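Please treat every number below as a calculation from the coordinates, not as lab data. No experiment lies behind these values; they were computed from the predicted model shown. So basically every Cβ, Gly included, is an ideal-geometry build from the backbone, and we count neighbours across all protein chains shown.
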Amino acid sequence: MSFVPPGGTIGILGGGQLGRMLALAAARLGLKAHIYSPPGEDAPALQVSDAQTLAPFDDRRALAKFARACDVVTLEWENVPVETVAAISVTTPVLPRPATLGVTQDRLDEKRFIDSLGLKTAKFGHVSATEQGRDAFLQFGEDRAVLKTRRLGYDGKGQAVVRSGEEFLEAFKSFHEVPCILESFVEFDFEASVVAVRGVDGTLAAYDPSENIHSNHILRRSVVPARLSPERTKEAKAIARKIADALDYVGVLAVELFVMNSGALLVNEIAPRVHNSGHWTIDGCLISQFENHIRAIAGWPLGDPARHSDAVMENLIGDEASEWRALAARGGALHLYGKREIRAGRKMGHVTWLSAKTASG
Ligand code: AMP
């Protein structure tokens, strides 16, 4: 693939806050962003981009026109239909590659892929639409398990903890009996993630892992450095490299990990995009995850992922963003996404607090 020089156009599928921060990073490098977003959405990336296409993801004509207008196309939402990405890639390169989405959009295929690399995961099994009996849970042999739909799950949507055959049946019915994956309930010590970027030439750069605190399945806070030993930090980065190499990945990806009491690292999932747990890199590193993603897909040299500070990133969820005046006075780096409507559970912005760097990780 040839590189995209300054003045070139990066196409972004999806218009949310991740697209917005990608567009801002592209602008810093003298590149333009063209956002493709389904019509009618309160899409904050539209406010900071050079061009916009508002059309459904299955609008062939709009997709073809968009593809012709861009030098390279990427995505900020991992559930963009594979057909959409395939249609664009006829004309214009799409990075990460369409094949990657094929793996990460299905929780079962994703777990099988991770397993095939020799990496640890929760124990998992397949629940098909016809296998409706409570036996599926009983045969799994765990007293507590997590039932997740194979497709279209995020932030805890499409998943339920089940403790009996009856609860299993109830949850499966509430998911309209779509194909599911059943996972053992992992008694982790804490959650962490590693954000890494891989260039077109296979170079990889990984940020220090963050420790992630969730509430109601939504990320509340990321803390860097995570409570990981230097060896485990290295291992986390090596896990990201193994996954990225196996996918011949180009761009930023995040690997979500469960850290066990023993220190063992289990892979929960792969996000084939810039990630909320990497927002701290905007203020904590010279080159952020957003800029490194743009650099990678544009074929530019990657930037140094080293952090210059310790960082705590707090999401502003729902109403919390209405405290913007007080937050602005408190001295952290305030980021507001420009969303028109505050809704419960909606990510409206984030604040990053820096302090002197304490460990190199
Ligand atoms: P996911 O959508 O798979 O990222 O899951 C969202 C959150 O649910 C994770 O960040 C965990 O806090 C929790 N979770 C997911 N899978 C499991 C599991 N197998 N065991 C325990 N907690 C889980």
Let's see if you can work this out: charge +1 on each Lys and Arg Cβ, -1 on each Asp and Glu Cβ, no other charges. What is the dipole magnitude of the stretch 9-94 about its Cα centre, in debye to the nearest 20? 320 debye
For L316, which sequence-distant residues (separation of 5 or more, or a different chain) have an amide H within less than 5 Å of its own amide H, given hydrogens modelled in the peptide plane? M348, G349, H350, V351
Axial C-alpha extent at least 15 Å, average Kyte-Doolittle at least 0.0 - helices from the chain (DSSP): 17-28
Counting only Cα, what are the radius of gyration and maximum Cα-Cα distance Dmax of the stretch 7-119, in Å? 14.5, 44
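With charges set only on the Cβ (+1 for Lys and Arg, -1 for Asp and Glu), what does the dipole of the chain come to about its Cα centre, in debye to the nearest 20? Mind showing how you got there, number by number?
Values: 41 positive and 44 negative charges, 152 e Å.
Result for the chain is approximately 740 debye, rounded to the nearest 20.
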When the scattering of the stretch 202-344 is computed by the Debye formula from its Cα atoms alone, each counted once and equally, what is log10 I(q)/I(0) at q = 0.13, 0.14, 0.16 Å⁻¹? -0.63, -0.73, -0.93
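Per DSSP H run of at least 4 residues, take -39500 (n - 2.57); add these up for the chain, divide by its residues and hand me the 222 nm value, nearest 500 deg cm²/dmol.
Details: 11 runs with 99 residues, N = 361.
The helix contribution divided over the chain gives -7500 deg cm²/dmol.
Average projected area of the Cα convex hull of the stretch 239-279, in nm²? Let's see the in-between values first.
Numbers: hull surface 12.7 nm².
That works out to 3.2 nm².
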Give me the distance between the Cα centres of the stretch 148-196 and the stretch 242-288, rounded to whole Å. 20 Å
List, in order, the whole-Hz ³J(HN,Hα) value for each residue of the stretch 303-319 obtained from phi through the Karplus relation with A = 6.51, B = -1.76, C = 1.60 and θ = phi - 60°; use x for Gly and Pro. x, 5, x, 4, 9, 9, 8, 7, 9, 10, 10, 10, 6, 9, 10, x, 3
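When you count, for each residue, the other Cβ atoms within 10 Å and take the mean per peptide, how do 275-283, 310-318, 115-123 rank with the highest first? Before the final figure, lay out the partial values.
Values: 275-283: 26.3, 310-318: 21.1, 115-123: 13.9.
Going by the mean number of other Cβ atoms within 10 Å, highest first, we get 275-283, 310-318, 115-123.
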Residues with amide H under 5 Å from that of R220, placed H, sequence gap 5 or more: I213, H214, S215
Check which residues have an amide H placed less than 5 Å from F190's amide H, if you skip close sequence neighbours. V259
For the ranges 38-45, 289-296, what's the packing order if you count other beta-carbon atoms within 10 Å of each residue, average per peptide, and put the highest first? 289-296, 38-45
Sum up the lysine pairs in the chain that clear both bars: alpha-carbon distance under 14 Å and a spacing of 8 or more or different chains. 9
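From the C-alpha gyration tensor of the chain, pull out the three semi-axes of the equivalent ellipsoid (sqrt of 5λ each), sorted largest to smallest, in whole Å.
On the way: eigenvalues 193, 126, 90 Å².
After scaling each eigenvalue by five and taking roots: 31, 25, 21 Å.
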